[in-house]
Amino acid sequence: MIKIKYFGALVARTRRRGEKIDFSDLPLSRLLFELERKYELAQFPFSVAVNQKIIDKFSNQILKNNDIVALLPPFIGA
């Protein structure tokens, strides 16, 4: 199972703060493709973190059981 967390405008778009999916060994790019189909997220800029580490959202990193994927809006400040 992979846990997905949404933040900022993505919470309003998806109407949820998170969800769980029953997949593992899933490429990140495939997960994001499926989320785009489900929620039409392309219009929202966001970064992706896997297990609290920011990664390229075009990565083919394989998501494993118990991974946490966070979709993060742009943030300002230092």
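Every number in this text was worked out from the coordinates using simple rules, so none of it is lab data. All values reported here derive from a predicted model rather than from experimental measurement. Note: ideal-geometry Cβ built from the backbone for every residue, glycine included; neighbour counts use all protein chains shown.
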* Asked: In the stretch 21-37, which residue that is in contact (Cβ under 8 Å) with a residue 24 or more places away in the chain and surrounded by fewer than 16 Cβ atoms within 10 Å (Cβ to Cβ) is nearest to the chain's Cα centre (by Cα)?
  -> Ser29
* Complete set of residues in the stretch 1-41 that are part of a loop (DSSP other than H, G, I, E, B) and of a type in the set (A, V, I, L, M, F, W, C) -> Met1, Phe7, Phe23, Leu41
* To do: Among what's in the stretch 42-64 and is within 10 Å of the chain's Cα centre (by Cα), part of a strand (DSSP E or B) and not polar (S, T, N, Q), pick the residue that is farthest from Phe75 (Cα to Cα).
  => Val50
